[in-house]
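S.K.: Have a look at the structure that comes next, please.
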Amino acid sequence: MESGKKEIGAARVAFVEKFKAFVGYQSPELDALSRERDNIQLFALTLVRMLFLLGENKQAPMLLQYIQTAMGDTVTPRGLNRPTILGPGQELLETPPEKPERMMNLKLIDEDERRLAEITLPMGEEGHYYPATVIFYLQYLIRTLSESSLFFLMLVLGGLMEYYEKIGKTNDLKALTDGPAYGFSTAVRYINEERKNKNYEF
């Protein structure tokens, strides 16, 4: 890796076929909460990149709508759920395949104290694999994050949705960095306000 660059964590989405995939995340970070926050940041950076790559076609708004539905199924009036957000026939695999058909490599990089995503995607059928990568990754996070981190993820996504609704567009280059930053600052602001108002433990 180039000097000045440090790998914080790496996720991979390995497709066995179009509708079955394994998701894994690796990180040298030993602190569990920091590790989960890094994973959330990598997901947010991946999401905005996929939305950007989908361009102006109808799949970007469809993916945003899909995520909003998943958020509504996760944060409910009765509390936090861990819903199955995959569609019929889709399956999140428990073990990595020996020979994946497609491999999406997603890396969270620290470069000169800035967090960036380096994403390696094979070419072909982007209209399927880009949204599918996001959905499988989100399903993985919903299943594996701790309760507090899952709630934090939903706050970040809520901030990101607000960003796209009020400030930026999915095909805007600035959204690649400004969108996740807005999502995280919105989440942190909410938690700080809750702490002040209710002595909220997070």
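S.K.: Any idea what Rg and Dmax come out to for segment 40-83 if you just take the C-alpha atoms, in Å?
M.R.: Cα only, segment 40-83: 12.5, 37 Å (Rg, Dmax).
S.K.: Compute the FRET efficiency between ARG195 and GLU7 as 1/(1 + (r/R0)^6), taking r as their Cβ-Cβ distance and R0 = 30 Å, and round to the nearest 0.05.
M.R.: Details: r = 32 Å, r/R0 = 1.07.
Plugging the Cβ-Cβ distance into 1/(1 + (r/R0)^6) gives 0.40.
S.K.: List the trypsin sites (Lys or Arg not before Pro) in segment 1-87 that DSSP assigns to loop (not H, G, I, E or B) and whose Cβ has at most 12 other Cβ atoms within 10 Å. Which are they?
M.R.: Details: sites: LYS5, LYS6, ARG12, LYS18, LYS20, ARG35, ARG37, ARG49, LYS58, ARG78; in loops: LYS18, LYS58, ARG78.
Passing sites in segment 1-87 are LYS58, ARG78.
S.K.: Continuing with the same structure: Within the chain, which DSSP H helices have Cα atoms that stretch 24 Å or more along the helix axis and a mean Kyte-Doolittle hydropathy of at least -1.0? Intermediate results must be reported in sequence, preceding the final value.
M.R.: Working: long enough: 32-54 (33 Å, 0.76); 126-144 (27 Å, 0.11); 147-166 (29 Å, 0.66); 175-198 (34 Å, -0.87).
Helices passing the filter in the chain: 32-54, 126-144, 147-166, 175-198.
S.K.: For segment 93-100, take each phi angle, set θ = phi - 60°, evaluate the Karplus expression 6.51 cos²θ - 1.76 cosθ + 1.60, and give the result in whole Hz per residue in order, putting x for glycine and proline.
M.R.: Result, ordered by residue: 6, 7, 10, x, x, 5, 10, x Hz.
S.K.: So who's got an amide H within less than 5 Å of the one on LYS20, skipping anything under 5 residues away but keeping other chains? H placed 1.01 Å off N, in plane.
M.R.: GLU91
S.K.: Quick one: if you stick a label point 7 Å off each Cα along the C-beta vector at ASP178 and ARG78, how many nm between them?
M.R.: Label-label distance for ASP178 and ARG78, simple model: 4.1 nm.
S.K.: Oh, and also: Tell me, how many Å apart are the Cα centres for segment 95-148 and for segment 8-23?
M.R.: Cα centroid to Cα centroid, the span is 6 Å.
S.K.: Principal axes first, then extents: for the Cα atoms of the chain, list largest minus smallest coordinate on each axis, whole Å, largest first.
M.R.: Taking the Cα atoms of the chain, the three principal extents are 51, 45, 35 Å.
S.K.: Eight or more residues apart or on different chains, and alpha-carbon atoms under 26 Å: count the Lys pairs in the chain matching that.
M.R.: So the count of such lysine pairs works out to 17.
S.K.: Continuing with the same structure: For segment 17-57, which GluC sites (Glu not before Pro) pass both filters: DSSP loop (anything but H, G, I, E, B) and at most 12 other C-beta atoms within 10 Å?
M.R.: On the way: sites: GLU17, GLU29, GLU36, GLU56; in loops: GLU29, GLU56.
Passing both the DSSP loop test and the Cβ count: GLU56.
Only the coordinates and a few stated rules stand behind these numbers; no lab work does. Not measured: the values here are computed from a predicted model. Note that each Cβ is placed from the backbone with ideal geometry, even for glycine, and that neighbours are counted across all protein chains shown.
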